[in-house]
Each structure stands twice: as C-alpha cells, then as structure tokens.
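*Asks:* Take a look at the following structure, please.
FYI, it's all coordinate maths here, none of it is from the lab. For clarity, every value in this text was computed on a predicted model and none was experimentally measured. Here the Cβ positions follow ideal geometry from the backbone for every residue, glycine too, while neighbour counts run over all protein chains shown.
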Amino acid sequence: MEIWRLKQLCKRYSSRLSALGYTVTWANNGESALHQFKESPSDLIIMDLVLPDSTGFDYLQKFIDVKRDVKVVINTDRDAFKADFHSWFADAFLMKSADVTELTETVDTILHPGKQAN
C-alpha cells in the first residue's frame, strides 16, 4: 500500500475513533510509537506489522514489556501474518479496509466487553 494511502487510512481511522470519544495518537514508525507509549501508555494499540524501522512483531513484544495488559489490534494488509504464532499475542487481527466499521466495533468490544451492541 502506498504511503499516501496509509496516511489517508490513518486519518480516517483517527477521525472515526475520535468521533466515538476515543483519544487517538499515531506514529509513522515503531520507534516513535514506542516512545509515545512509554511516555503515556495507552489502553489499546492498533498496529501494522510492516514497519519502516523493524518488524511489527518486535514492537508488539516491546509494547507488552512496557504495559503487560495493553490490548492490541493488528491491522495489516498481509493475511499471511495471521499464521505466525506471534500474532496470537494480539487481541484481534483485522485486514486493512477503508470501511472502518469492523475496526471500530472491534475496538469497542475489546475496551468495553460487557457493553451491549446498539
């Protein structure tokens, strides 16, 4: 996926999640995301596994090392990653899509497990 498409998708995700009342921060690479996470740990991370500075699996472990109970949603365009056992550490595995419905429903379910769907 081209860089401009990724940025557009991040903006779409951020906009929709913010509209639902979530505080959203995002980073362009794993190191920046890890730095932000160490400064202000989040309850949930939405991450790709294809990163410019390392593999997403490396950063997945680093996020968990910082905050053991962090919830993680892998959001990628490479279905083959689902077979890698490292992906089992995530709470959800989603394929990237311009339709943010599945992502927002997944985030809501993970962060509010007892909430009834409307």
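*Asks:* When only DSSP loop residues count, what GluC sites (Glu not before Pro) in the range 1-79 have their Cβ near at most 10 other Cβ atoms within 10 Å?
*Replies:* E2
*Asks:* In addition: Would you mind ranking T76, T23 so that the residue whose beta carbon has the fewest other beta carbons within 10 Å leads the list?
*Replies:* T23, T76
*Asks:* Test of understanding: in a Gaussian network model of the chain with alpha carbons linked when under 10 Å, which of A90, A19, A98 would top the mean-square fluctuation ranking?
*Replies:* It is A19.
*Asks:* Report, by chain and number, residues whose modeled amide H sits under 5 Å from the one on L44, excluding near sequence neighbours (fewer than 5 apart, same chain).
*Replies:* Close amide H contacts, sequence-distant or interchain: K71.
*Asks:* Can you give me the Cα centroid spacing of the range 14-56 and the range 73-92 in angstrom?
*Replies:* When both Cα centres are located, 16 Å separates them.
*Asks:* If you don't mind, there's one more thing I want to ask. Check L94: other-chain or 5+ apart residues with amide H under 5 Å from its amide H, H built from backbone geometry?
*Replies:* Hits under the 5 Å cutoff: I74, N75, T76.
*Asks:* May I ask you to compute the full-extension gain from I64 to F89, defined as 0.36 nm times their residue separation minus their alpha-carbon distance, rounded to one decimal in nm?
*Replies:* 8.1 nm
*Asks:* Treating the range 3-111 as a set of equal point scatterers at the Cα positions, no solvent, please give the Debye-formula log₁₀ I(q)/I(0) at q = 0.13, 0.24 Å⁻¹.
*Replies:* -0.43, -1.78
*Asks:* Out of all DSSP beta bridges in the chain, what portion is antiparallel? Express it as a percent rounded to 5.
*Replies:* Bridges in the chain that DSSP calls antiparallel: roughly 10 percent.
*Asks:* Using the structure shown, list the pairs from K11/K96; K11/K71; K38/K96; K71/K115; K71/K96 with a Cα-Cα distance above 23 Å, or answer none.
*Replies:* Cα-Cα > 23 Å for K38/K96; rest within.
*Asks:* Still on this model: Got a sec to turn the phi values of the range 10-22 into Karplus ³J(HN,Hα) couplings, 6.51 cos²θ - 1.76 cosθ + 1.60 with θ = phi - 60°, whole Hz, x for Gly and Pro?
*Replies:* Along the range 10-22, the couplings run 4, 5, 5, 4, 4, 4, 5, 5, 5, 5, 8, x, 8 Hz.
*Asks:* Moving on to the next point. Quick one: if the Förster radius is 41 Å, what FRET efficiency do S97 and E39 give, using the C-beta to C-beta distance and rounding to 0.05?
*Replies:* Once the sixth-power term is evaluated, E becomes 0.85.
*Asks:* Would you mind ranking K62, K115 so that the residue whose beta carbon has the fewest other beta carbons within 10 Å leads the list?
*Replies:* Ordered from fewest to most neighbouring Cβ atoms within 10 Å, K62, K115 come out as K115, K62.
*Asks:* How do T106, T25, T55 rank when sorted from fewest to most other Cβ atoms within 10 Å of their own Cβ?
*Replies:* T25, T55, T106
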